[in-house]
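Following: one structure in C-alpha coordinates, then a few remarks.
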Amino acid sequence: MTTASPAPGPIGDLVVVNIGLLVTPAGSAPRRGRDLGDVVEIPRAAVVARGGRLVFVGPEADLPASAMPPGAETLDAGGAAVIPGFVDAHTHLVYAGDRDAEIRRRLAGATYREIAAEGGGIVRTVAATRAADPGTLASALAARLDEMLLAGTTSAEVKSGYGLQTAAEIRSLEAIATIARDHPVRLVPTFLGAHEVPPEHRARRERYVDLLVQEMIPEVGRRGLAVFGDVFCEEGVFTVAESRRILEASRAAGLGLRLHADELAWTGGAELAAEMGARSADHLLFVSDAGMAALARAGCAATLLPSAAFYLRLGRFAPARALVTAGAPVALATDGNPGGGLSPSMPFAMTVACFGMGLSLEETLTAATLNAAYSAGLDADTGSLETGKRADFVLLRSARLLDLVRVGVPVVRTVVAGGRVVVRDGARTV
(Lines give C-alpha, C1' and ligand atoms only; values in the text may rest on other atoms or scores of the structure.)
Protein backbone atom coordinates (compact mmCIF):
# COMPACT_ATOMS: atom_id res chain seq x y z
CA MET A 1 0.00 0.00 0.00
CA THR A 2 1.24 3.49 -0.81
CA THR A 3 1.04 6.29 1.69
CA ALA A 4 -0.67 9.63 1.64
CA SER A 5 1.20 12.50 0.04
CA PRO A 6 3.64 14.42 2.26
CA ALA A 7 3.16 18.08 2.99
CA PRO A 8 4.64 20.11 0.10
CA GLY A 9 7.64 22.36 0.37
CA PRO A 10 9.62 23.42 3.45
CA ILE A 11 7.87 22.95 6.76
CA GLY A 12 8.12 25.92 9.10
CA ASP A 13 8.14 26.46 12.82
CA LEU A 14 5.18 28.32 14.26
CA VAL A 15 3.95 29.68 17.59
CA VAL A 16 0.29 30.62 18.03
CA VAL A 17 -0.67 32.61 21.10
CA ASN A 18 -3.74 34.40 22.44
CA ILE A 19 -6.08 31.55 21.50
CA GLY A 20 -9.44 32.25 23.12
CA LEU A 21 -10.51 28.59 23.12
CA LEU A 22 -8.78 25.50 21.76
CA VAL A 23 -11.12 22.57 21.09
CA THR A 24 -9.95 19.13 20.02
CA PRO A 25 -11.28 15.58 20.14
CA ALA A 26 -10.02 13.62 23.12
CA GLY A 27 -8.21 10.30 23.05
CA SER A 28 -7.29 7.92 20.26
CA ALA A 29 -9.32 7.22 17.15
CA PRO A 30 -11.89 6.12 16.51
CA ARG A 31 -14.22 7.70 19.04
CA ARG A 32 -17.47 5.75 19.47
CA GLY A 33 -20.77 5.95 21.27
CA ARG A 34 -20.87 8.55 24.03
CA ASP A 35 -17.15 9.19 23.52
CA LEU A 36 -17.83 10.69 20.08
CA GLY A 37 -18.73 14.01 21.66
CA ASP A 38 -15.91 13.95 24.23
CA VAL A 39 -13.74 16.96 23.42
CA VAL A 40 -11.02 18.83 25.28
CA GLU A 41 -11.54 22.57 25.68
CA ILE A 42 -8.58 24.76 26.69
CA PRO A 43 -9.24 28.47 27.22
CA ARG A 44 -6.43 30.99 26.76
CA ALA A 45 -4.31 28.42 24.93
CA ALA A 46 -1.16 28.34 22.85
CA VAL A 47 0.17 25.98 20.18
CA VAL A 48 3.76 25.45 19.09
CA ALA A 49 4.92 23.60 15.97
CA ARG A 50 8.48 22.58 15.30
CA GLY A 51 9.38 21.02 11.97
CA GLY A 52 5.72 20.77 11.11
CA ARG A 53 4.84 18.80 14.26
CA LEU A 54 3.06 19.90 17.39
CA VAL A 55 5.43 20.17 20.35
CA PHE A 56 3.13 22.10 22.70
CA VAL A 57 -0.64 22.27 23.04
CA GLY A 58 -1.99 23.74 26.26
CA PRO A 59 -2.65 26.83 28.37
CA GLU A 60 -0.50 29.74 27.28
CA ALA A 61 0.45 30.30 30.91
CA ASP A 62 2.16 26.90 30.88
CA LEU A 63 4.15 27.52 27.69
CA PRO A 64 7.85 26.96 28.52
CA ALA A 65 10.50 29.08 26.85
CA SER A 66 12.27 25.86 25.82
CA ALA A 67 9.35 24.99 23.54
CA MET A 68 9.81 28.11 21.42
CA PRO A 69 11.72 27.29 18.20
CA PRO A 70 14.35 29.98 17.45
CA GLY A 71 13.20 32.24 14.66
CA ALA A 72 9.71 30.74 14.53
CA GLU A 73 6.85 32.75 13.10
CA THR A 74 4.50 33.97 15.82
CA LEU A 75 0.79 34.24 15.12
CA ASP A 76 -1.63 36.10 17.39
CA ALA A 77 -5.03 34.36 17.31
CA GLY A 78 -6.71 37.49 18.62
CA GLY A 79 -8.83 35.52 21.08
CA ALA A 80 -10.35 33.30 18.37
CA ALA A 81 -10.97 29.56 18.63
CA VAL A 82 -8.61 26.94 17.25
CA ILE A 83 -9.70 23.46 16.11
CA PRO A 84 -8.01 20.65 14.18
CA GLY A 85 -7.93 20.92 10.41
CA PHE A 86 -10.83 19.10 8.81
CA VAL A 87 -10.29 15.75 7.14
CA ASP A 88 -12.64 15.20 4.20
CA ALA A 89 -12.84 11.42 4.00
CA HIS A 90 -14.90 11.00 0.82
CA THR A 91 -14.57 13.11 -2.33
CA HIS A 92 -14.81 12.70 -6.12
CA LEU A 93 -12.81 15.72 -7.26
CA VAL A 94 -11.11 14.48 -10.45
CA TYR A 95 -13.52 15.18 -13.29
CA ALA A 96 -14.29 17.41 -16.23
CA GLY A 97 -17.53 19.05 -17.29
CA ASP A 98 -20.59 19.76 -15.18
CA ARG A 99 -24.13 18.52 -14.63
CA ASP A 100 -25.89 21.83 -14.37
CA ALA A 101 -28.81 20.82 -16.59
CA GLU A 102 -29.64 17.70 -14.61
CA ILE A 103 -29.35 19.55 -11.29
CA ARG A 104 -32.00 21.91 -12.62
CA ARG A 105 -34.08 18.88 -13.56
CA ARG A 106 -33.73 17.55 -10.03
CA LEU A 107 -34.95 20.87 -8.68
CA ALA A 108 -37.97 20.46 -10.95
CA GLY A 109 -38.73 17.07 -9.43
CA ALA A 110 -36.72 14.45 -11.34
CA THR A 111 -35.09 11.79 -9.15
CA TYR A 112 -31.48 10.60 -9.12
CA ARG A 113 -32.58 7.22 -10.52
CA GLU A 114 -34.62 8.79 -13.33
CA ILE A 115 -31.74 10.99 -14.43
CA ALA A 116 -29.28 8.08 -14.35
CA ALA A 117 -31.65 5.84 -16.34
CA GLU A 118 -31.81 8.50 -19.07
CA GLY A 119 -28.02 8.60 -19.47
CA GLY A 120 -27.24 11.31 -16.95
CA GLY A 121 -25.45 11.16 -13.65
CA ILE A 122 -22.07 9.47 -13.45
CA VAL A 123 -21.89 8.42 -17.10
CA ARG A 124 -22.34 12.02 -18.30
CA THR A 125 -19.31 13.05 -16.29
CA VAL A 126 -17.43 9.99 -17.59
CA ALA A 127 -17.79 11.22 -21.18
CA ALA A 128 -16.37 14.65 -20.33
CA THR A 129 -13.57 13.23 -18.18
CA ARG A 130 -12.43 10.75 -20.83
CA ALA A 131 -12.11 13.64 -23.29
CA ALA A 132 -10.09 15.84 -20.91
CA ASP A 133 -6.31 16.12 -21.11
CA PRO A 134 -4.14 15.55 -18.01
CA GLY A 135 -3.47 19.25 -17.51
CA THR A 136 -7.16 20.08 -17.50
CA LEU A 137 -7.91 17.38 -14.92
CA ALA A 138 -5.03 18.48 -12.68
CA SER A 139 -5.86 22.19 -12.78
CA ALA A 140 -9.53 21.52 -12.08
CA LEU A 141 -8.59 19.35 -9.11
CA ALA A 142 -6.29 22.05 -7.73
CA ALA A 143 -9.03 24.66 -7.96
CA ARG A 144 -11.49 22.43 -6.08
CA LEU A 145 -8.91 21.73 -3.40
CA ASP A 146 -8.37 25.48 -3.02
CA GLU A 147 -12.06 25.87 -2.19
CA MET A 148 -11.84 23.13 0.42
CA LEU A 149 -8.70 24.61 1.93
CA LEU A 150 -10.37 27.99 2.42
CA ALA A 151 -13.13 26.18 4.34
CA GLY A 152 -10.58 24.58 6.70
CA THR A 153 -9.85 21.18 5.11
CA THR A 154 -6.21 20.16 5.49
CA SER A 155 -6.46 16.49 4.42
CA ALA A 156 -8.74 14.80 1.90
CA GLU A 157 -9.41 11.43 0.36
CA VAL A 158 -9.79 11.82 -3.42
CA LYS A 159 -11.24 9.14 -5.69
CA SER A 160 -10.88 8.40 -9.36
CA GLY A 161 -13.98 6.91 -10.97
CA TYR A 162 -15.01 9.11 -13.87
CA GLY A 163 -12.76 7.39 -16.41
CA LEU A 164 -14.01 3.79 -16.28
CA GLN A 165 -11.27 2.76 -18.72
CA THR A 166 -7.77 1.71 -17.74
CA ALA A 167 -6.00 4.67 -19.38
CA ALA A 168 -8.57 7.20 -18.20
CA GLU A 169 -8.51 5.92 -14.62
CA ILE A 170 -4.71 5.98 -14.57
CA ARG A 171 -4.81 9.53 -15.92
CA SER A 172 -7.11 10.58 -13.08
CA LEU A 173 -4.91 9.01 -10.42
CA GLU A 174 -1.83 10.60 -11.96
CA ALA A 175 -3.58 13.98 -11.76
CA ILE A 176 -4.06 13.39 -8.03
CA ALA A 177 -0.37 12.52 -7.65
CA THR A 178 0.67 15.63 -9.61
CA ILE A 179 -1.36 18.03 -7.48
CA ALA A 180 -0.44 16.25 -4.24
CA ARG A 181 3.20 17.22 -4.71
CA ASP A 182 2.52 20.93 -4.27
CA HIS A 183 -0.91 21.52 -2.79
CA PRO A 184 -1.24 22.27 0.95
CA VAL A 185 -4.14 19.82 1.32
CA ARG A 186 -2.75 16.37 2.08
CA LEU A 187 -4.27 13.82 -0.31
CA VAL A 188 -5.18 10.15 0.06
CA PRO A 189 -5.82 8.67 -3.42
CA THR A 190 -8.51 6.01 -3.91
CA PHE A 191 -9.14 3.92 -7.04
CA LEU A 192 -12.85 3.82 -7.88
CA GLY A 193 -12.95 2.18 -11.28
CA ALA A 194 -15.99 0.37 -9.89
CA HIS A 195 -18.03 3.58 -9.76
CA GLU A 196 -20.45 2.48 -12.47
CA VAL A 197 -20.67 0.03 -15.38
CA PRO A 198 -19.83 2.14 -18.44
CA PRO A 199 -22.31 2.11 -21.35
CA GLU A 200 -20.07 0.08 -23.64
CA HIS A 201 -20.10 -2.82 -21.15
CA ARG A 202 -23.72 -2.84 -20.05
CA ALA A 203 -24.81 -5.60 -22.44
CA ARG A 204 -22.22 -7.88 -20.82
CA ARG A 205 -21.43 -6.32 -17.47
CA GLU A 206 -19.29 -9.27 -16.37
CA ARG A 207 -16.69 -8.16 -18.93
CA TYR A 208 -16.24 -4.91 -17.04
CA VAL A 209 -15.85 -6.68 -13.71
CA ASP A 210 -13.25 -8.91 -15.38
CA LEU A 211 -11.47 -5.81 -16.70
CA LEU A 212 -11.41 -4.30 -13.21
CA VAL A 213 -10.16 -7.45 -11.53
CA GLN A 214 -7.71 -8.67 -14.14
CA GLU A 215 -6.28 -5.45 -15.56
CA MET A 216 -7.20 -2.15 -13.90
CA ILE A 217 -6.74 -2.97 -10.22
CA PRO A 218 -3.44 -4.87 -10.70
CA GLU A 219 -2.08 -1.99 -12.80
CA VAL A 220 -3.04 0.60 -10.19
CA GLY A 221 -1.38 -1.53 -7.52
CA ARG A 222 1.74 -2.06 -9.62
CA ARG A 223 2.12 1.67 -10.18
CA GLY A 224 1.45 2.54 -6.54
CA LEU A 225 -1.13 5.14 -7.48
CA ALA A 226 -3.73 4.52 -4.75
CA VAL A 227 -3.98 3.86 -1.04
CA PHE A 228 -7.50 2.42 -1.22
CA GLY A 229 -9.76 0.55 -3.62
CA ASP A 230 -13.47 1.37 -3.57
CA VAL A 231 -16.67 0.05 -5.16
CA PHE A 232 -20.21 1.42 -5.53
CA CYS A 233 -22.14 -1.50 -4.06
CA GLU A 234 -25.67 -0.44 -4.86
CA GLU A 235 -28.91 -1.56 -6.42
CA GLY A 236 -28.46 -1.17 -10.19
CA VAL A 237 -24.69 -0.68 -9.96
CA PHE A 238 -22.49 -3.46 -8.49
CA THR A 239 -24.01 -6.40 -6.63
CA VAL A 240 -22.67 -7.70 -3.34
CA ALA A 241 -21.09 -10.67 -5.16
CA GLU A 242 -19.44 -8.40 -7.74
CA SER A 243 -18.31 -6.00 -5.04
CA ARG A 244 -16.75 -8.82 -3.03
CA ARG A 245 -14.77 -9.92 -6.06
CA ILE A 246 -13.58 -6.37 -6.74
CA LEU A 247 -12.58 -5.83 -3.12
CA GLU A 248 -10.71 -9.15 -3.05
CA ALA A 249 -8.74 -8.05 -6.11
CA SER A 250 -8.03 -4.69 -4.47
CA ARG A 251 -6.72 -6.38 -1.35
CA ALA A 252 -4.54 -8.69 -3.45
CA ALA A 253 -3.07 -5.59 -5.15
CA GLY A 254 -2.08 -4.15 -1.77
CA LEU A 255 -4.88 -1.61 -1.47
CA GLY A 256 -6.92 -0.84 1.61
CA LEU A 257 -10.67 -1.24 1.18
CA ARG A 258 -13.56 1.23 1.09
CA LEU A 259 -17.17 0.76 0.05
CA HIS A 260 -20.13 2.86 -1.09
CA ALA A 261 -22.91 1.07 0.76
CA ASP A 262 -26.69 1.18 1.16
CA GLU A 263 -27.16 4.68 -0.27
CA LEU A 264 -30.29 4.28 -2.39
CA ALA A 265 -31.57 0.98 -0.99
CA TRP A 266 -30.46 -1.75 1.37
CA THR A 267 -28.12 -4.18 -0.40
CA GLY A 268 -26.06 -5.61 2.45
CA GLY A 269 -23.16 -3.30 1.63
CA ALA A 270 -22.41 -2.49 5.26
CA GLU A 271 -22.35 -6.18 6.13
CA LEU A 272 -19.94 -6.78 3.22
CA ALA A 273 -17.68 -3.94 4.34
CA ALA A 274 -17.44 -5.46 7.80
CA GLU A 275 -16.87 -8.95 6.41
CA MET A 276 -14.04 -7.74 4.16
CA GLY A 277 -12.33 -5.67 6.84
CA ALA A 278 -12.88 -2.42 4.97
CA ARG A 279 -11.66 0.77 6.57
CA SER A 280 -14.88 2.59 5.73
CA ALA A 281 -18.45 2.06 4.53
CA ASP A 282 -19.92 5.28 3.14
CA HIS A 283 -23.40 6.82 2.66
CA LEU A 284 -25.48 4.23 4.62
CA LEU A 285 -28.89 5.87 4.26
CA PHE A 286 -30.55 2.44 4.22
CA VAL A 287 -28.16 0.52 6.48
CA SER A 288 -29.81 -2.29 8.45
CA ASP A 289 -29.58 -2.89 12.17
CA ALA A 290 -27.44 -5.94 11.40
CA GLY A 291 -25.20 -3.79 9.22
CA MET A 292 -24.75 -1.21 11.97
CA ALA A 293 -23.83 -3.92 14.44
CA ALA A 294 -21.40 -5.46 11.96
CA LEU A 295 -19.66 -2.11 11.37
CA ALA A 296 -19.29 -1.65 15.13
CA ARG A 297 -17.80 -5.12 15.60
CA ALA A 298 -15.38 -4.68 12.72
CA GLY A 299 -14.32 -1.15 13.66
CA CYS A 300 -15.28 -0.07 10.14
CA ALA A 301 -15.85 3.68 9.87
CA ALA A 302 -19.38 4.74 8.98
CA THR A 303 -18.55 7.73 6.80
CA LEU A 304 -21.71 9.79 6.39
CA LEU A 305 -22.33 12.31 3.62
CA PRO A 306 -25.19 14.56 4.74
CA SER A 307 -24.51 17.23 2.10
CA ALA A 308 -25.02 14.66 -0.68
CA ALA A 309 -28.36 13.50 0.74
CA PHE A 310 -29.37 17.16 0.95
CA TYR A 311 -28.39 18.06 -2.62
CA LEU A 312 -29.72 14.82 -4.13
CA ARG A 313 -33.09 15.45 -2.42
CA LEU A 314 -33.19 11.85 -1.22
CA GLY A 315 -35.78 12.64 1.45
CA ARG A 316 -33.81 11.08 4.28
CA PHE A 317 -30.40 11.05 5.92
CA ALA A 318 -28.25 8.24 7.21
CA PRO A 319 -29.33 7.13 10.73
CA ALA A 320 -26.43 8.85 12.46
CA ARG A 321 -27.82 8.58 15.98
CA ALA A 322 -28.53 4.86 15.59
CA LEU A 323 -25.01 4.30 14.24
CA VAL A 324 -23.52 6.15 17.21
CA THR A 325 -25.65 4.13 19.63
CA ALA A 326 -24.61 0.90 17.90
CA GLY A 327 -20.96 1.78 18.51
CA ALA A 328 -19.93 2.28 14.90
CA PRO A 329 -17.12 4.83 14.34
CA VAL A 330 -19.00 7.71 12.69
CA ALA A 331 -17.14 10.07 10.36
CA LEU A 332 -18.27 12.91 8.09
CA ALA A 333 -17.31 13.97 4.57
CA THR A 334 -18.57 16.31 1.84
CA ASP A 335 -18.84 13.81 -1.07
CA GLY A 336 -17.53 16.61 -3.29
CA ASN A 337 -18.67 15.75 -6.83
CA PRO A 338 -20.38 17.37 -9.83
CA GLY A 339 -23.85 15.97 -9.23
CA GLY A 340 -24.57 15.70 -5.52
CA GLY A 341 -21.65 16.99 -3.48
CA LEU A 342 -21.94 20.63 -4.44
CA SER A 343 -20.39 22.16 -1.32
CA PRO A 344 -16.65 21.91 -0.59
CA SER A 345 -17.29 22.96 3.01
CA MET A 346 -16.91 20.59 5.93
CA PRO A 347 -18.65 23.17 8.17
CA PHE A 348 -21.70 22.85 5.89
CA ALA A 349 -21.56 19.04 6.20
CA MET A 350 -21.39 19.50 9.98
CA THR A 351 -24.38 21.84 9.86
CA VAL A 352 -26.54 19.29 8.03
CA ALA A 353 -25.30 16.56 10.37
CA CYS A 354 -26.42 18.63 13.35
CA PHE A 355 -29.78 19.83 12.07
CA GLY A 356 -30.64 16.97 9.74
CA MET A 357 -29.08 13.96 11.44
CA GLY A 358 -29.41 14.99 15.07
CA LEU A 359 -25.75 14.97 16.08
CA SER A 360 -24.35 17.45 18.58
CA LEU A 361 -21.82 20.08 17.57
CA GLU A 362 -19.09 18.29 19.51
CA GLU A 363 -19.95 14.97 17.87
CA THR A 364 -19.77 16.49 14.42
CA LEU A 365 -16.41 18.10 15.21
CA THR A 366 -14.93 14.73 16.13
CA ALA A 367 -16.59 13.08 13.13
CA ALA A 368 -15.12 15.74 10.81
CA THR A 369 -11.61 15.58 12.25
CA LEU A 370 -10.32 12.59 14.26
CA ASN A 371 -12.85 10.00 13.07
CA ALA A 372 -12.58 11.26 9.51
CA ALA A 373 -8.82 10.86 9.80
CA TYR A 374 -9.45 7.29 10.95
CA SER A 375 -11.64 6.70 7.91
CA ALA A 376 -8.84 7.92 5.63
CA GLY A 377 -6.11 6.01 7.48
CA LEU A 378 -4.50 9.20 8.83
CA ASP A 379 -5.53 9.15 12.50
CA ALA A 380 -2.03 8.42 13.81
CA ASP A 381 -0.83 11.62 12.18
CA THR A 382 -3.65 14.16 12.17
CA GLY A 383 -7.25 14.82 13.24
CA SER A 384 -6.58 16.07 16.77
CA LEU A 385 -4.31 18.60 18.43
CA GLU A 386 -1.76 16.73 20.52
CA THR A 387 2.01 16.69 20.69
CA GLY A 388 3.68 14.59 18.03
CA LYS A 389 0.95 15.01 15.42
CA ARG A 390 1.15 17.16 12.31
CA ALA A 391 0.45 20.81 12.94
CA ASP A 392 -2.81 20.92 10.97
CA PHE A 393 -5.30 23.35 12.50
CA VAL A 394 -7.79 26.10 11.82
CA LEU A 395 -8.29 29.50 13.46
CA LEU A 396 -11.89 30.61 13.41
CA ARG A 397 -13.01 34.24 13.26
CA SER A 398 -14.34 34.21 16.82
CA ALA A 399 -14.12 32.22 20.04
CA ARG A 400 -17.57 30.68 19.41
CA LEU A 401 -17.50 27.10 18.19
CA LEU A 402 -21.14 27.49 17.22
CA ASP A 403 -20.06 29.80 14.40
CA LEU A 404 -19.18 26.62 12.46
CA VAL A 405 -22.86 26.08 11.69
CA ARG A 406 -23.61 29.66 10.61
CA VAL A 407 -23.95 28.94 6.90
CA GLY A 408 -23.24 31.82 4.55
CA VAL A 409 -20.88 33.84 6.73
CA PRO A 410 -17.06 33.64 6.82
CA VAL A 411 -16.07 31.19 9.54
CA VAL A 412 -12.41 30.31 8.89
CA ARG A 413 -9.77 33.03 9.21
CA THR A 414 -6.49 31.13 9.12
CA VAL A 415 -5.47 27.60 8.12
CA VAL A 416 -2.21 25.94 9.14
CA ALA A 417 -1.02 22.78 7.38
CA GLY A 418 2.17 21.04 8.41
CA GLY A 419 3.19 24.01 10.53
CA ARG A 420 2.82 26.54 7.71
CA VAL A 421 0.22 29.27 7.43
CA VAL A 422 -1.45 28.38 4.11
CA VAL A 423 -4.58 30.56 4.45
CA ARG A 424 -4.49 33.97 6.11
CA ASP A 425 -7.52 36.22 6.48
CA GLY A 426 -9.51 34.04 4.12
CA ALA A 427 -6.95 33.97 1.27
CA ARG A 428 -4.46 31.28 0.28
CA THR A 429 -0.87 32.31 1.01
CA VAL A 430 1.09 29.51 -0.72
Inset, instruction - At 1.4 Å probe size, with every protein chain present, just tell me what the per residue accessible area of the stretch 254-335 comes to in Å². - result: 28
Legend entry - Surface/4 estimate of mean projected area, convex hull on alpha-carbon atoms of the stretch 274-318, nm²: 3.0
Legend entry - Net lengthening on full extension, residue 381/residue 105 (0.36 nm per residue, minus Cα-Cα): 95.1 nm
Legend entry - Unit charges at the beta carbon, dipole of the chain: most positive-side option, 120, 294, 233: 120
Legend entry - Under the Debye formula (equal points on every Cα, no solvent term), log10 I(q)/I(0) of the chain at q = 0.09, 0.10, 0.12, 0.14 Å⁻¹: -0.51, -0.63, -0.91, -1.23
Legend entry - Pairwise FRET efficiency - residue 131 versus residue 428, Cβ, R0 = 45 Å, nearest 0.05: 0.95
Inset, instruction - Assuming R0 = 25 Å, can you tell me the calculated FRET efficiency for the pair residue 222 and residue 202, based on Cβ-Cβ distance, to the nearest 0.05? - result: 0.35
Legend entry - Over the stretch 46-108: Kirkwood hydrodynamic radius from C-alpha pairwise inverse distances, Å: 16.3
Inset, instruction - Please sort 111-123, 378-390 by packing, taking for each peptide the average over its residues of neighbouring beta carbons within 10 angstrom, highest first. - result: 378-390, 111-123
Legend entry - the stretch 15-138 - convex hull of the alpha-carbon atoms, volume per residue in Å³: 218
Inset, instruction - May I ask you to give the average projected area over all directions of the convex hull of the Cα atoms of the stretch 297-356, in nm² rounded to one decimal? - result: 4.1
Inset, instruction - Quick one: dipole size for the stretch 1-128, taken about the Cα centre, charges +1 on Lys/Arg Cβ and -1 on Asp/Glu Cβ, in debye to the nearest 20. - result: 460
Inset, instruction - With a Förster radius of 41 Å, plug the Cβ-Cβ distance of residue 142 and residue 210 into 1/(1 + (r/R0)^6) and report the FRET value to the nearest 0.05. - result: 0.75
Inset, instruction - Report in % the part of the accessible area of the chain that belongs to carbon and sulfur, leaving out ligands and nucleic acids; probe 1.4 Å. - result: 52
Inset, instruction - Answer with one residue from 422, 30, 284: the one whose Cα lies farthest towards the positive end of the charge dipole of the chain, charges on Cβ with Lys, Arg +1 and Asp, Glu -1. - result: 422
Legend entry - Global size of the stretch 68-138 as Cα Rg and Dmax, reported in angstrom: 21.2, 63
Inset, instruction - Return the sequence-ordered ³J(HN,Hα) values of the stretch 338-351 in whole Hz as given by the Karplus equation 6.51 cos²θ - 1.76 cosθ + 1.60 applied to θ = phi - 60°, using x for Gly and Pro. - result: x, x, x, x, 7, 10, x, 9, 5, x, 5, 4, 5, 4
Inset, instruction - With viscosity set to 0.890 mPa s and temperature to 25 °C, compute the Stokes-Einstein D of the stretch 108-169, Rh being the Kirkwood radius across alpha carbon pairs; µm²/s, no decimals. - result: 180
Inset, instruction - Would you mind computing, in nm to one decimal, how far apart the modelled labels at residue 61 and residue 398 are, each placed 7 Å from Cα along Cα→Cβ? - result: 2.6
Inset, instruction - Convert each backbone phi in the stretch 79-91 into a coupling constant with the Karplus relation 6.51 cos²θ - 1.76 cosθ + 1.60 (shift: θ = phi - 60°), then list the ³J(HN,Hα) values in order as whole Hz, x for Gly and Pro. - result: x, 7, 7, 10, 9, x, x, 6, 10, 8, 8, 7, 9
Legend entry - Bins of 10 Å from zero: percent of alpha-carbon pairs in the stretch 101-254: 11, 37, 35, 16, 1
Legend entry - Simple spin-label estimate for residue 38 and residue 313 in nanometres, 7 Å along Cα-Cβ: 4.3
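The values are calculated or read from the model by the stated rules, or taken from the named source; none is laboratory data. Note that the structure is predicted; figures quoted are calculated from it, not measured. Note that we place each Cβ from the backbone using ideal geometry, even for glycine, and neighbour counts take in every protein chain shown. Surface accessibility is based on the protein's heavy atoms, side chains included, excluding ligands, DNA and RNA. Shrake-Rupley method; radii C 1.70, N 1.55, O 1.52, S 1.80 Å.
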